[in-house]
Amino acid sequence: MVLRSIMNSQYKTDLLDLKNASDKEYFALNKIINAVRYERQPDDPPIPLEETTNQLKNLPSFVDLKMWCIWNKDHSEMIAQGNVGLMRTEENKHLAQFDIIVHADYRRQGIGKQLLGLIAEAAKADNRRLLLTDTNDRIPAGEAFMQRLGAQRGLEGHVNQLRISDLDHNLIQDWLEQGQKNVSEFELGVWDGIYPQEQLQEIVALLDLTNQQPFGDLEVEEMHITPEQLVEMQKMDAARGNQRCTVYVIEKTSGKFAGYTETVWNANRPEILRQDMTGVFPQYRGKGLGRWLKAAMLDRQLKLHPEIKFVRTTNADTNAAMLRINNELGFKPYMTSILWQMEIGQVLEYLN
């Protein structure tokens, strides 16, 4: 019944060959991505066509991303796209993550439902039982769609933003000075760009700290990336123009990593610094290492890129430890973020 309703739709769907699409397809896709992005982040510059194209052409081999697009009647504009990611990893073989965007002028016409049908059928064919997606408060239609589906709120959070004009630089210096009290036990280090090849095995173990973030009610398993997967992820990052900086801390006596923090800067969005993961292993907590890492990173990046005006990061609302540090720095809520989950059987029942 799902497929029949799709066939009867007024709009035709095309499955994109993401790594070998035509120039017209890449251009149209980038245009609708930026149209919806403008609703969400109206003050940000658009993503250049070259960045979108390079990202898609360099998708890691373990990411099986299927994308359908819908064009307007004369095939001159892409008005919607839906995609589903089927990760070829050892973990989370039961789930698939998806995303649907519909141009504002074409909403409430059943297009999202049409794309969801294709996504659900593809996930079911791959023996997945659970679908995950996210919404934000800038585009209320997304949350309304999830509520109609009966989806479950899995994890609620915010994109939090720090205005550099509001940053207390004396606080940064205080944290750096406090961190110096740890120099007999610990040492800071920096990787600019790609990770050192000879340390990849230790680095993937360090990145396991991401599994210590709150998962809320999400039915997800811990992820453990391999060195080979990390290399592919870095290649895609570099193709997009992302410049990653990692500040890490090592315990001197053992030579073991104690924690790290990462940021990403892109010349296409020079005023925005994206703060990624910050984490310290449990046995090293309570020594101020998290503040030391954050201060060292901000001090370094603001000197390297004085054009930065905003730092943005995404935090679960239940991540009290990280929120405490970010609040001290002056981060404030910028946009809500909700991760939703739903059983594929439930989705197909709704569609029917």
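For the range 40-56, taking the residues that are within 18 Å of the chain's Cα centre (by Cα) and of a type in the set (D, E, K, R), the one that is farthest from N83 (Cα to Cα) is identified as D44. Beta carbons closer than 8 Å, at least 6 apart along the sequence or on distinct chains, pair a first residue in the range 42-53 that is closer than 14 Å to M236 by Cβ with a second that is part of a helix (DSSP H, G or I) for E51/R240; T52/Y26; T52/L29; T52/N30; T52/I33; T53/Y26; T53/N30. Candidates are the residues of the range 210-231 that are part of a helix (DSSP H, G or I) and more than 16 Å from the chain's Cα centre (by Cα); the one that is surrounded by the most Cβ atoms within 10 Å (Cβ to Cβ) is Q229.
In the range 58-81, the qualifying residues are those that are within 12 Å of H103 (Cα to Cα) and buried (at least 17 other Cβ atoms within 10 Å of the Cβ), and the one that is nearest to the chain's Cα centre (by Cα) is Q81. Per this entry, Q114 is not counted among residues that are in the same structural domain as L59 (by TED's automatic domain parsing), of a type outside the set (A, V, I, L, M), in contact with a helix residue (DSSP H, G or I) (Cβ under 7 Å, 6 or more places away or on another chain) and closer than 22 Å to K24 by Cα.
When R274, R312, R300, R291 are checked against the criterion of being in contact with a strand residue (DSSP E or B) (Cβ under 6 Å, 6 or more places away or on another chain), among the basic types (K, R) and in contact (Cβ under 8 Å) with a residue 40 or more places away in the chain, R312 stands alone in meeting it. If I filter the range 284-307 for residues that are part of a loop (DSSP other than H, G, I, E, B) and buried (at least 18 other Cβ atoms within 10 Å of the Cβ), do I get at least one hit? Yes, that holds for at least one residue.
For the range 276-335, a residue qualifies if it is under 21 Å from the mean Cα position of the chain (by Cα), among the small types (G, A, S) and within 26 Å of N266 (Cα to Cα), and the qualifying residues are G279, A316. Within the range 4-30, the residues that satisfy the criterion of being in a helix (DSSP H, G or I), under 24 Å from G117 (Cα atoms), modelled with pLDDT of 95 or more and not small (G, A, S) are E25, Y26, L29, N30.
The values are calculated or read from the model by the stated rules, or taken from the named source; none is laboratory data. In this text the structure is predicted, and so the values were computed from the model without any measurement. Cβ sites come from the backbone with ideal geometry, for glycine too, and all protein chains shown count toward neighbours.
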